Amino acid sequence: MSAVAAGARESVAGPGGRRANESQFRALVGLGLVVVLLVAAVSGLWWLEHRDRQTEVARNAALPAAPAAAVTLLSYDYRSVDQDLRRARAMLTGGYRDEFAVEAGQVTAPAARAQHITTHATVIGSAVVRADPDEVVVLLFVNQSTRSSRSPAVQLSAHRIQLTMALVGGHWLVSKLERV
């Protein structure tokens, strides 16, 4: 290599050429990190907004389903108790459906037939307690009228119940019923 060629190479890179390249590389890495962080932040915000929209849809769908389920669960007539309880079981999820079936078969149906119990529930108010896209907890204020052979006069009672509604196969079903 000639002295002229070596001098030309040195003048292009210059004595600080390596430092300039390292500075540019660091700037590009820093810029890349900023871009990655911005993409992550925007993605996170989009996901939160999407989840909020899904939760609002769930709240709006489960809130009217809960009173209808409560009325079906808490209303029966001794003359049609088996059909009434079968209709109620259809509104329940697997685990709670099994629990309900045991109680209905061992307690509710026999007592209804033996004492000629007729009961009718009316929901007078409801509110969402907590909501997620696939589960909504609803507080219900329920009036229940009951008549039986032991007490032919209508007995009125007021209840507060909390239904946990789960989205199963596109339908809102009761996964838990609690008296509060």
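The values are calculated or read from the model by the stated rules, or taken from the named source; none is laboratory data. Since the structure is predicted, the reported quantities are computational estimates derived from the model, not experimental observations. Neighbour counts run over all protein chains shown; Cβ positions are idealised from the backbone, glycine included. Heavy atoms of the whole protein, side chains included, go into the accessibility calculation; ligands, DNA and RNA do not. Shrake-Rupley method; radii C 1.70, N 1.55, O 1.52, S 1.80 Å.
When the chain is treated as a Gaussian network with alpha carbon springs shorter than 10 Å, the biggest mean-square fluctuation among A62, A131, A111 belongs to A111.
All other residues whose Cβ lies under 15 angstrom from that of A70 are scored, Lys and Arg at +1 and Asp and Glu at -1, for a net of +3. For the chain, the longest principal axis of the Cα atoms and the long axis of helix 94-103 meet at an angle of about 20 degrees. For region 84-180, the gyration tensor built on C-alpha atoms gives an oblate shape. Its axis ratio a/c (a ≥ b ≥ c) is at least 1.5, and a/b is not larger than b/c.
Close amide-amide hydrogen proximity is noted between V168 and L173, each under 5 Å apart and 5 or more residues distant or on a separate chain (H modeled in the peptide plane; Pro and chain starts excluded).
Projecting the Cα atoms of Q115, L140, V129 onto the dipole axis of region 94-180, where Lys and Arg carry +1 and Asp and Glu carry -1 at the beta carbon, places Q115 farthest toward the positive end.
Computing Rg and Dmax of the Cα atoms in Å directly from the structure and comparing it against [x] 20.1, 73; [y] 33.5, 120; [z] 17.1, 60 singles out [y]. Overall, the accessible surface of the chain at a probe of 1.4 angstrom is composed of carbon and sulfur to the extent of 59 percent.
Applying the criteria of a DSSP loop state and at most 13 other Cβ atoms within 10 Å to the trypsin sites (Lys or Arg not before Pro) of region 102-168 yields R150. H159 sits among other residues whose Cβ lies under 13 Å from its own Cβ, and their net charge, with Lys and Arg +1 and Asp and Glu -1, is +1. Applying the Karplus relation 6.51 cos²θ - 1.76 cosθ + 1.60 with θ = phi - 60° to region 113-118 yields 3J(HN,Hα) values of 5, 5, 9, 6, 7, 10 Hz, where x marks Gly and Pro.
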